[in-house]
Amino acid sequence: MHWRSIVAAVALVGAGLVGVTTTSQAAGDNSCSNPVLASNLNGWGALDSGTVSRAAVTDLTGANWAFATTGRSLWMPQITVAPGQVWTVSARDRLLNGSGTAKITVEWYGSSGSYLSESAGPAITLTSTTWAPVTATVTAPAGATTAHVLQEGSFGSSVNTSWRTTMGDYRQGAAASAPSVPTGVSATTSGTSATLTWSAPSSTGGSAITGYTYGRDGTDAQGTGPWSGTADATTRSVTFNLLQPGTTYHLTVAAQNANGTGPAASATVTTSASSSPSGVPMPVGNLTGWRQVFTEDFTSNVALGSWPGPYASKWSDYTDPNHPDTNRGAVWNSVKDVSASGGTADYYLHSENGQAYSAAILPRTSAQTYGRYDVRFKVDPGTTGWKSAWLLWPDDEQWPAHGEIDWPEGDLTGTMDGFMHYADPNGGQDWAPSGVDFASGWHTATTEWLPNSVKYYLDGNLVGSFTKKVSSYPMHWVLQSESASSSRPTGSGHIKIDWAVIYART
C-alpha cells in the first residue's frame, strides 16, 4: 500500500495539510486531531477519485458528523510516534448502500519522510444498518517518527457506494481485551471429588479481573451432564463433587473482566475406582449452595441385635416393643432389625414368633430449617407387607400444622412416590410418582428443601417439585420402614443403605 501514501502525500500537500499531525499523548488519551469532524474535514481525504464531503450523523452517539466518500480508500489524520510504541487506531464505519469490508492500515515513515513499512488490522464487514468498529493495534518500528493512518474498502461490484467514517480514535497501548489464560493450573482428586487450582492470568487485558468461570465435562454420579459455575476474582480453587468413580473428566477455568471472558485453561483428572458396595461412593464436601453437615458411610460392623453400638453418637432410633408403628401391623424395634456389615447398614424387616418388627434410624444433627438429604439404598424383592416412609418430621411434633416431607414412600413391592404434606392446620398434600420400583437395584434419593420449595430427585432425575405451603419450621430426618397395613406383614426382606449425607444451606 506504499503507493497510496505517495498519492496521499501529494493530496495532503495540495490541501495544505501535511503538517496536520499530533504529538504522542499519555496512555488513554485520544490522539486523533479531528476525530469527529466537528467543524471541517481537516486531516481526512480520499486516496482515489471518489468525491468527499462532510455528512451529518444522527444515529451514532458521540458523533454529529462523518467523512463521506464515494471512493474505496481514504486517509485519516496523521500522528507522531516513537519506535516501539503500541497504538490502537480505530474508527466507526458504515455504508449507505452496497456491502463490503474495510480495514485500517498504518504506514510508518522516518524523520526524513522515507517510507519504512506498514501494519494492518483485520477486514471488518460493513453494512448499511449499523456503525461497525474498524480497528488496528500496531507497533511502531525502529526509526518511525510519523504514522499515516489509511482505510481501504473492498466493496466488490457494488456501484453508487457511499462510505462514511467518523470517531477516529488513536490511543497509545493495546486495546482493552479479555484476560489471558489463567496460569499454574492443576487438579487433584480425592475419592469422587476433584479440586481445580489456578493462579491469575499473566495479562488482565487492560481491565481488572472480575471473576472466573469454571466447568467440567462428562456426567456425575447423579446423572447431571456437563456443568459450569462462576467464582469471584479472589478465588483460586474450586472442588467438583459427586463425580463418577473411575472416570476421566476435563476441568476448565477462564478469567473474566469487563471486556469479556478469556481463553480457558484445562486439566484432566481420573477419579479412583469405586470400592463402595453400591458402586457410588459417598459424596464428601460441600456443593454449590450447600454445606455438608453430616456423613455416614457405615464402615463399622454391628451384629444384628447390637444396634447402635459404635453408631450411638451419630444415630438414634425407634425402639419400643410396646409401641406400634404407624399402621399398627408391627412394633418399633430397630434393635431387632438393624445391623451393619460390609460397608452398609441393613434393615432386616421380619417377624419373630408372630410379632413383626419395624425400624427407623435418625441422624443426630442440630436443629435445622431447610437442607439437602441424600441416601443410597437397595431393597430386596418380595418384601411383602412392608413399606418405607423416609421423611422430614417437625421437631416440635406439630403435625399437620408444621408440615411433613416424605421421599421416598410406598410399599416395598411397589413404586416409589413422593408426598409433600402442607404446613397447614387443615392438612392437605401434593404427590409425585416416580414410576420406579423400590426393588430395582441401587438408587440415590435426594430431598432438597428450600424456602417455598421442595424437590425430590431419584438418581439425579427430578421426580417432583412443590411450592405450596412448604414448611418453614425445623425438621429432622427419619429413615422409617414399617408395616404397610394394619395386618402383620407376611413377607420379610432387607433394605441395604450404603451411605447417607445431609447438607445445610450456605
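At q = 0.11, 0.15, 0.22, 0.25 Å⁻¹, what log₁₀ I(q)/I(0) does region 389-483 have when each alpha carbon counts as one equal point scatterer in the Debye sum? The Cα Debye sum returns log10 ratios of -0.29, -0.54, -1.10, -1.35. Against the chain, whose longest principal axis comes from its Cα atoms, helix 2-15 is set at around 60 degrees.
Pairwise over distinct Cα atoms, reciprocal of the mean inverse distance: report the Kirkwood radius of region 262-322 in Å, one decimal place.
On the way: mean 1/r = 0.0625 Å⁻¹.
By the Kirkwood definition, the hydrodynamic radius is 16.0 Å.
Checking (i) -0.29, -0.52; (ii) -0.43, -0.67; (iii) -0.52, -0.67 against log10 I(q)/I(0) by the Debye sum over Cα atoms at q = 0.06, 0.08 Å⁻¹ calculated from these atoms, the matching label is (iii).
Whole number please: convex hull volume per residue, Cα atoms of region 45-175, in Å³.
Numbers: hull volume 13.6 nm³, N = 131.
Dividing the Cα hull volume of region 45-175 by its residues yields 104 Å³.
Assuming charge only on the beta carbon of Lys and Arg (+1) and of Asp and Glu (-1), the dipole of region 402-493 about its Cα centre is about 140 debye to the nearest 20. Computed packing ranks the peptides 199-205, 370-376 as 370-376, 199-205, most packed first, by mean other Cβ atoms within 10 Å.
For the set K387/K468; K387/K455; K336/K469; K378/K455, the pairs lying more than 30 angstrom apart at their alpha carbons are K336/K469. Put the Cα centre of region 271-310 next to the Cα centre of region 441-502 and the gap is 17 Å. Only the Cβ atoms of Lys and Arg (+1) and of Asp and Glu (-1) were treated as charged; on that basis the dipole of the chain about its Cα centre amounts to roughly 1880 debye. Return the tail of the calculated pair distribution for region 396-437, meaning the percent of Cα-Cα pairs more than 15 Å apart. Looking at region 396-437, the distances longer than 15 Å represent 45 percent of pairs.
When the charge dipole of the chain is built from unit charges on Cβ atoms (+1 for Lys and Arg, -1 for Asp and Glu) and taken about the Cα centre, the candidate among T51, S276, G184 whose Cα reaches farthest toward its positive end is T51.
Taking amide H as placed 1.01 Å from N in the peptide plane, the amide H of A484 sits under 5 Å from that of W386, K387, each at least 5 places away or on another chain.
The alpha carbon convex hull volume per residue for region 183-274 rounds to 78 Å³.
In a shell of Cβ-Cβ distance under 14 Å around R94, excluding R94 itself, what net charge do Lys and Arg (+1) and Asp and Glu (-1) give? Show your work: numbers first, answer last.
Numbers: positive: R92, R164; negative: D59, D93.
Residues near R94 contribute 0 overall.
Restricting the trypsin sites (Lys or Arg not before Pro) of region 395-474 to loop positions (DSSP other than H, G, I, E, B) with no more than 14 neighbouring Cβ atoms within 10 Å leaves K468. If R0 is 35 Å, the Cβ-Cβ spacing of A273 and L304 corresponds to a FRET efficiency of close to 0.70. A Cα-only calculation for region 291-505 places Rg and Dmax at 16.1, 47 Å. Projected label points at Y348 and D217, each 7 Å from Cα along the beta carbon direction, are separated by 4.9 nanometres.
Scoring 129-136, 383-390 by mean Cβ neighbours within 10 Å over their residues and listing the highest first yields 383-390, 129-136.
From most to least packed by mean Cβ count within 10 Å, the peptides 82-90, 222-230 give 82-90, 222-230.
Only the coordinates and a few stated rules stand behind these numbers; no lab work does. Everything numeric in this text was worked out from a predicted model, so none of it was measured. Here Cβ is always computed from backbone atoms with ideal geometry, including for glycine, and neighbour counts include all displayed protein chains.
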